[in-house]
């Protein structure tokens, strides 16, 4: 998953960035509205986490811009507004959810997962293809009843495939989901390496990563 974080507090931003990276997600950090608008102009994100009060404006400007451009990207606003602030005003801006500071990291990730499930129109939390099951809550995977040991990056790659199963994913699309601007690997073959390792770990599954030369990869159930 590729996330844009808009937060001007350097300590909070570092904490949030690290929490997403530990999950194997790519995260870009913008410290002001100008940087955030520039980022969404060139990159499609899976989620936006936006602080409202910023030195050069408001995260609401980024939210409004994204919605006017037709983006249905899940957006969570981070607010320091007092508890008696009318929450309806935040939803009227077009956000999917909001959190008041201070908040637990686990709550942020749980709310984001819930939004993603609603966006997909699915019931429950499990992602399934043939005998392969992925639990986004615990970031775990099983082939039949056998749990698969995955690194955070391998898990993130598998979740991308599971959420896009059957679709053709180019190397560029996979790269954009896995890495941010700041942590892009020097080795251009890094994604292929993760794919190769993931293939080995799920080799006993009926779900297969299929390479369509010149097009990209598909995640399919073997016939």
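A few remarks follow.
- Of the residues screened, residue 40 is one that is under 16 Å from the mean Cα position of the chain (by Cα), in a helix (DSSP H, G or I) and closer than 16 Å to residue 1 by Cα.
- Neighbours by Cβ (under 6 Å, 6+ apart or cross-chain): first from the stretch 37-57, at positive phi and at pLDDT below 90; second in a helix (DSSP H, G or I) and buried (at least 20 other Cβ atoms within 10 Å of the Cβ): 57/33
- Looking only at the stretch 148-169, and only at residues there that are outside any helix (DSSP H, G or I) and surrounded by 12 or more Cβ atoms within 10 Å (Cβ to Cβ), the one that is nearest to the chain's Cα centre (by Cα): 164
- Within the stretch 77-101, considering residues that are over 22 Å from the mean Cα position of the chain (by Cα) and over 20 Å from residue 118 (Cβ atoms), the one modelled with the highest pLDDT: 80
- Residues satisfying the stated conditions in the stretch 1-18, i.e. closer than 12 Å to residue 51 by Cα and surrounded by fewer than 20 Cβ atoms within 10 Å (Cβ to Cβ): 8, 9, 12, 13
- Counted residues, the stretch 138-147 - those being part of a loop (DSSP other than H, G, I, E, B) and buried (at least 16 other Cβ atoms within 10 Å of the Cβ): 1
- Filtering the stretch 119-132 for residues that are closer than 30 Å to residue 80 by Cα, surrounded by 14 or more Cβ atoms within 10 Å (Cβ to Cβ) and out of contact with any strand residue (DSSP E or B) (no Cβ under 9 Å at 6 or more places or on another chain) leaves a non-empty set.
- Residue match in the stretch 156-165 (condition: farther than 23 Å from residue 18 by Cβ, in the same structural domain as residue 131 (by TED's automatic domain parsing) and at pLDDT 90 or above): yes
The values are calculated or read from the model by the stated rules, or taken from the named source; none is laboratory data. Predicted model, so just to flag it, every value in this text is computed and none were measured. Note: ideal-geometry Cβ built from the backbone for every residue, glycine included; neighbour counts use all protein chains shown.
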